[in-house]
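**Student:** Can you keep this structure in mind? I'll have questions shortly.
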Ligand SMILES: Cc1cc2nc3c(=O)[nH]c(=O)nc-3n(C[C@H](O)[C@H](O)[C@H](O)COP(=O)(O)OP(=O)(O)OC[C@H]3O[C@@H](n4cnc5c(N)ncnc54)[C@H](O)[C@@H]3O)c2cc1C
């Protein structure tokens, strides 16, 4: 019996439920017990990566034709939630696969798909997604990395920042502006495949960070790197949409990872509240503690419903899937920060100790609110969309015709 309800798993078909069982077993026997050790040093978690490839969990993101299982997002959110419950690095290996390989799946030539996807699926190859720059994070349209077209070759120059797993990647998906397209208004963004071993690519040593140890980040310098046009993903001008598609999947993944961690934090805190006695009774017998846990657990279940709906919208190809993904990420990641803060508080001084898992959960929660679009950016996107759609949407029946200013 698990502390949190299993009804989303019951909504999966029998074959999909086998995948959930497989990941649960991995988490219980290997990834969970090893998570503290993985999080001790910020070096790539090779063993976890190989295990997640070998067991086909990385492959759930890839099409059948290239060795994957093309799982529905409704299944993948369950798998990522399970991984996030014990180990952020393992969950990030899965969400990072979406981020770095989705544009290849949707935009690469058939020849490049055949060359790269089977290896990316089984772990012989790795890719990293290089969008963010020192001058362009939330505001990606300010990208300054430039691809200058000369005949059939692009010369790519620029700097990328915060790129996860750049130091273990064989290929980069680089989003750049194509030089010479500014005259038409907004410069056309393109996505290009760049081998990390190409002349002119310099990848820094891993940059020290707060948490998410096991999946290092690096800076990248690109100096007139030659890239054949056949390695462009999609058409000229498709860079933004290809990045967005990858980001939507990764955002749903971030939300699931955050929920998994929130669930794990409540499980640990509730166990502590049962074990610990204060003022003559168990900590968990105090109404204040029960109300705190009840509030958090109820919010978690509400957020799971939102994430499930976002995953289902994505699977259906619904036009509002991106908006649902923004809402799911905003809600789940902000909630996770709150949950880990309160769970750590419930565990008192032990929560603050390195050898108690909540300290790691607390540090790990922060990145989900920043990566793949920060909470503020998602609020802006959701709010702007609501105001825009209010102009065209069906008018509320309690309003008179005409301008509301006439009331
Ligand atoms: C560990 C880690 C891993 C990462 N991995 C990758 C990766 O693999 N590939 C990649 O391309 N990028 C990656 N990133 C970059 C990440 O996506 C960016 O950090 C993120 O998008 C925010 O951009 P920024 O850091 O430049 O913040 P800024 O854009 O400088 O924003 C600073 C703050 O301002 C807030 N803000 C922005 N706009 C508004 C607004 N309109 N209203 C109110 N507040 C606002 C933001 O929410 C943020 O809190 C990673 C980052 C980290 C820390």
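**Student:** Test of understanding: among 116, 120, 99, which residue is modelled with pLDDT of 95 or more and within 14 Å of the chain's Cα centre (by Cα)?
**Tutor:** 99
**Student:** Go through 169, 246 for me and flag whichever is buried (at least 23 other Cβ atoms within 10 Å of the Cβ), closer than 16 Å to residue 143 by Cβ and touching a residue at least 60 places away in the same chain (Cβ under 8 Å).
**Tutor:** One residue alone meets the criteria, 246.
**Student:** Can you find even one residue in the stretch 228-246 that is closer than 25 Å to residue 86 by Cα, in contact with a helix residue (DSSP H, G or I) (Cβ under 7 Å, 6 or more places away or on another chain), assigned by TED's automatic domain parsing to the domain that holds residue 333 and modelled with pLDDT of 95 or more?
**Tutor:** Looking through the stretch 228-246, at least one residue is closer than 25 Å to residue 86 by Cα, in contact with a helix residue (DSSP H, G or I) (Cβ under 7 Å, 6 or more places away or on another chain), assigned by TED's automatic domain parsing to the domain that holds residue 333 and modelled with pLDDT of 95 or more.
**Student:** Now for a separate question. What pairs come up if the first residue lies in the stretch 1-24 and is in the same structural domain as residue 73 (by TED's automatic domain parsing), the second is at pLDDT below 95, and their beta carbons are under 7 Å apart, counting only those six or more places apart or on different chains?
**Tutor:** Going by the 7 Å Cβ cut-off, the qualifying pairs are 17/9; 20/9.
**Student:** Still on this structure, please answer the following. Kindly list the number of the only condition in (1) in the same structural domain as residue 203 (by TED's automatic domain parsing); (2) under 20 Å from the mean Cα position of the chain (by Cα) that fails for residue 135.
**Tutor:** Going through the list (1) in the same structural domain as residue 203 (by TED's automatic domain parsing); (2) under 20 Å from the mean Cα position of the chain (by Cα), residue 135 breaks only (2).
**Student:** Hey, another quick one. Tell me, yes or no, whether the stretch 86-95 has at least one residue that is more than 12 Å from the ligand (Cβ to nearest atom), assigned to a loop (DSSP other than H, G, I, E, B) and in contact with a strand residue (DSSP E or B) (Cβ under 7 Å, 6 or more places away or on another chain).
**Tutor:** no
**Student:** Looking at (1) outside any helix (DSSP H, G or I); (2) within 18 Å of the chain's Cα centre (by Cα), which one does residue 76 not meet, given that it meets all the others?
**Tutor:** (1) is the only condition that residue 76 fails.
**Student:** Within the stretch 5-17, does at least one residue satisfy the condition of being at pLDDT below 95, outside any helix (DSSP H, G or I) and over 27 Å from residue 70 (Cβ atoms)? If you could, list the steps in order and put the result at the bottom.
**Tutor:** Pass one, the stretch 5-17, residues at pLDDT below 95: 5-11.
Next cut, outside any helix (DSSP H, G or I) only: 5-6, 11.
Next, from what is left, pick out any that are over 27 Å from residue 70 (Cβ atoms): 5.
So far as the stretch 5-17 goes, yes, one or more of its residues are at pLDDT below 95, outside any helix (DSSP H, G or I) and over 27 Å from residue 70 (Cβ atoms).
**Student:** Does the stretch 385-402 contain at least one residue that is outside the structural domain of residue 139 (by TED's automatic domain parsing), in a helix (DSSP H, G or I), within 16 Å of the ligand (Cβ to nearest atom) and touching a helix residue (DSSP H, G or I) at 6+ places or on another chain (Cβ under 7 Å)?
**Tutor:** Among the residues of the stretch 385-402, at least one is outside the structural domain of residue 139 (by TED's automatic domain parsing), in a helix (DSSP H, G or I), within 16 Å of the ligand (Cβ to nearest atom) and touching a helix residue (DSSP H, G or I) at 6+ places or on another chain (Cβ under 7 Å), which makes the answer yes.
**Student:** Among the residues of the stretch 136-145 satisfying the criterion of being surrounded by 13 or more Cβ atoms within 10 Å (Cβ to Cβ) and in a loop (DSSP other than H, G, I, E, B), which is nearest to the ligand (Cβ to nearest atom)? Spell out the reasoning first.
**Tutor:** To start, the set of residues in the stretch 136-145 that are surrounded by 13 or more Cβ atoms within 10 Å (Cβ to Cβ) comprises 136-137, 140, 143-145.
This time we only want the ones that are in a loop (DSSP other than H, G, I, E, B), so: 137, 143-145.
Working: 137: 2, 143: 10, 144: 13, 145: 11 Å.
Here the residue is 137.
**Student:** If you check every pair at least six apart or on different chains, which have Cβ atoms under 9 Å apart with a residue in the stretch 44-71 that is touching a residue at least 12 places away in the same chain (Cβ under 8 Å) and assigned by TED's automatic domain parsing to the domain that holds residue 166 first and a residue that is assigned to a loop (DSSP other than H, G, I, E, B) and buried (at least 19 other Cβ atoms within 10 Å of the Cβ) second?
**Tutor:** Matching pairs, first to second residue: none at all.
**Student:** From the list 356, 352, which residue is more than 16 Å from the ligand (Cβ to nearest atom), modelled with pLDDT of 95 or more, surrounded by fewer than 17 Cβ atoms within 10 Å (Cβ to Cβ) and within 30 Å of residue 275 (Cα to Cα)?
**Tutor:** Testing whether each residue is more than 16 Å from the ligand (Cβ to nearest atom), modelled with pLDDT of 95 or more, surrounded by fewer than 17 Cβ atoms within 10 Å (Cβ to Cβ) and within 30 Å of residue 275 (Cα to Cα) leaves just 352.
**Student:** Now a separate question. When the residues of the stretch 175-219 are narrowed to those that are in contact with a helix residue (DSSP H, G or I) (Cβ under 9 Å, 6 or more places away or on another chain) and within 11 Å of the ligand (Cβ to nearest atom), which ends up nearest to residue 96 (Cα to Cα)?
**Tutor:** So the residue we want is 215.
**Student:** Further, regarding this structure: Residue under question is residue 307, and the condition is that it be away from the ligand (no atom under 16 Å from the Cβ), touching a residue at least 12 places away in the same chain (Cβ under 8 Å) and closer than 30 Å to residue 265 by Cα; does it hold?
**Tutor:** Criteria met by residue 307.
**Student:** Considering each of 350, 363 in turn, give the residue that is more than 18 Å from the chain's Cα centre (by Cα) and under 19 Å from residue 267 (Cα atoms).
**Tutor:** 350
The values are calculated or read from the model by the stated rules, or taken from the named source; none is laboratory data. Since the structure is predicted, the reported quantities are computational estimates derived from the model, not experimental observations. Cβ: placed from backbone, ideal geometry, glycine included. Neighbour counts: every protein chain shown.
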